[in-house]
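Bear in mind that the values in this text are calculations on the coordinates, not laboratory data. It should be emphasised that the depicted structure is a prediction, and the values quoted were computed from it without experimental measurement. Using ideal geometry, Cβ is built from the backbone for each residue, glycine included, and neighbour counts are taken over all protein chains shown.
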């Protein structure tokens, strides 16, 4: 990607020697970047391979590389204006990487690579050539899974919309249904529209393909944007069609086959149907504005300057050495700091008192599929009852000794609606519990049909308890940089609101149990 011919060769050198002299700096820089990002890339490829939501990631870098190759002539014709400002961008990318790796934020560590590549290009080629590379570099973002905390906020409402559409259409086909959140109850069985904490599987892949498709077939930027935006309603409609098909199979064929072969096979059929709808939208856009529109793809010819590469006064070699040094330094720093994470000793949650004051408990097993979603950690799921109370309270604690592998705390705002519960009301309130500093907690009223529940939950780590998942993420990164620790926990209590009972009564019952067990938390969640 860099041209160091002026610094490392002489004009009289033979052709093969000059080619080798031009290639070895590029190879060395590429090797250093790959070494620096080895763990990040392996984890990214693992996610592409194992999570269908992100399998389109394999296509994205190939398409970006194709764009660079296609525009190679234009790139060569563009004046080269190296600038030391590129080193600032390189430093920003590396700082971004360090914060992401040490702070257990995969999205930061992955996107830092794009910033680093942009900084290297700016250092050796300058702004004119970086503008040529802007779209291929920016498109790499689509290969990076967006943070779950954001992904679920975007896709889960669409998931609920798809289930709502299916629940409206199935009765028209003589299939009685009862929808509870994203759970559709049929006479033979219940259908969960998607796994808990998941979104519409095809949305990200379809959106990425829409951008690629529009880039090749449309010249006008507004048409490309319209085609990309059209992928959202298409994904919702296609997902609704899949749910309807599954519901029909359950009702009129065989429930086992409906959730087996048909469910898997229909995924391919529906995605093909989505592509056909995308093609139809593109054809419709093509009918708008038939006159020839100027190309915005970057393929138009540029006048070839007399000498696109300006003199660098030997500074290319200095820039090359500086970038090599900072890449090696970042690699060494992350290698030693990353493997030396401070993971505190914690008492297993299984030892948490089963009897607390008047409250006695029974353990509730966690399903294997839920455990797989939660990831590696220590979990407690118990139902506490008291003879003085009409009903018990469920206590769930999830403790993660380390979150650097990407297995982080899941927000109840995503998982509870996945089980059909709707958040009727949610607020942050201050709370003072024995043995703890004043804290902010989430108070929530959940509803599923006529049933209601009252819940409180908070995030706890390093002696700090907060309500907001966004602030919890911020402190996770900050504490990782300051203390080299990424451990943390979620504490959640839920109790039913009985028929005729007030929410205030359910709240009082929940807070009474919280007051009983809160002094014990410091023994199981390290301060």
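Roughly what would the spin-label model give for residue 502 and residue 333, points 7 Å off Cα along C-beta, in nm?
Between residue 502 and residue 333, the simple spin-label model gives 5.8 nm.
At 7 Å along Cα-to-Cβ for each site, give me the label-to-label distance between residue 424 and residue 66 in nm.
With each label point 7 Å from Cα toward Cβ, the separation is 5.2 nm.
How much length would be gained if the chain were fully extended between residue 474 and residue 351, taking 0.36 nm per residue of separation minus their Cα-Cα distance, in nm to one decimal?
Details: separation 123, 0.36 × 123 = 44.28 nm, distance 3.02 nm.
Once the chain is fully extended between residue 474 and residue 351, it gains 41.3 nm.
Please compute the length gained on full extension between residue 360 and residue 217, using 0.36 nm multiplied by the number of residues separating them and subtracting their Cα-Cα distance.
Numbers: separation 143, 0.36 × 143 = 51.48 nm, distance 6.62 nm.
Contour length minus Cα-Cα distance gives 44.9 nm.
Using the count of nearby Cβ atoms within 10 Å as a rough guide to exposure, how do 43, 223 rank from fewest to most? Write down the numbers at each step before the final one.
Details: 43 16, 223 19.
Going from sparsest to densest Cβ surroundings: 43, 223.
Of the peptides 107-119, 489-501, how do they stack up when ordered by the mean number of other Cβ atoms within 10 Å, highest first? Each step should come with its number before you reach the end.
On the way: 107-119: 21.1, 489-501: 18.5.
Packing order, densest peptide first, comes out as 107-119, 489-501.
Rounded, prolate or oblate: pick one for the range 312-373, where a ≥ b ≥ c are the square roots of the eigenvalues of its C-alpha gyration tensor, a/c under 1.5 means rounded, and failing that, prolate if a/b is larger than b/c, else oblate. Before the final figure, lay out each step's value.
Working: a/c = 6.63, a/b = 3.61, b/c = 1.84.
It is prolate, given that a/c is not under 1.5 and a/b is the larger ratio.
If contacts are Cα pairs under 8 angstrom and at least 6 residues apart, what is the relative contact order of the range 85-164 in percent?
On the way: 74 pairs, mean separation 23.2, N = 80.
About 29 percent, as a whole number.
Going by C-beta contacts inside 10 Å, put 72, 335 in order with the fewest on the left. Please list the in-between numbers first.
Values: 72 11, 335 14.
Arranged by neighbour count, lowest to highest, 72, 335 become 72, 335.
I'd like the FRET efficiency for residue 288 and residue 39, computed as 1/(1 + (r/R0)^6) with the beta carbon distance as r and R0 of 51 Å, rounded to 0.05.
Result of the calculation: an efficiency of 0.60.
With r defined as the distance between the Cβ atoms of residue 512 and residue 367 and R0 fixed at 22 Å, what FRET efficiency is calculated, to the nearest 0.05? Mind dumping the intermediate values first?
Values: r = 29 Å, r/R0 = 1.31.
In this case the efficiency is close to 0.15.
Give, in nm to one decimal, the length gained when the segment between residue 325 and residue 76 is fully stretched (0.36 nm per residue of separation minus the Cα-Cα distance). Show your work: numbers first, answer last.
On the way: separation 249, 0.36 × 249 = 89.64 nm, distance 2.78 nm.
Extending this stretch completely gives an extra 86.9 nm.
Taking 7 Å along the Cα-to-C-beta vector as the label spot, tell me the residue 59-residue 127 distance in nanometres, rounded to one decimal.
3.5
Starting with the fewest neighbours, write out 81, 437 ranked by other beta-carbon atoms found within 10 Å of each beta-carbon.
Arranged by neighbour count, lowest to highest, 81, 437 become 437, 81.
Sort 327-333, 129-135 by the packing proxy (mean of other Cβ within 10 Å over each peptide's residues), most packed first. Can you show the working numbers first?
Numbers: 327-333: 15.4, 129-135: 18.4.
Result, highest mean Cβ count within 10 Å first: 129-135, 327-333.
Is the shape of the range 449-527 best called rounded, prolate or oblate, per the rule: a/c under 1.5 gives rounded, else a/b larger than b/c gives prolate, else oblate, with a ≥ b ≥ c the square roots of the Cα gyration tensor eigenvalues?
Values: a/c = 4.02, a/b = 2.12, b/c = 1.89.
Cα axes put the range 449-527 in the prolate bin.
Cut-off 19 Å, label point 7 angstrom out along Cα-to-Cβ of residue 522: give me the residues of the range 333-356 whose amide nitrogen falls inside.
The answer is 344-349, 352-353, whose backbone nitrogens lie closer than 19 Å to the label point.
I'd like the FRET efficiency for residue 169 and residue 28, computed as 1/(1 + (r/R0)^6) with the beta carbon distance as r and R0 of 56 Å, rounded to 0.05.
Numbers: r = 59 Å, r/R0 = 1.06.
So the FRET efficiency works out to roughly 0.40.
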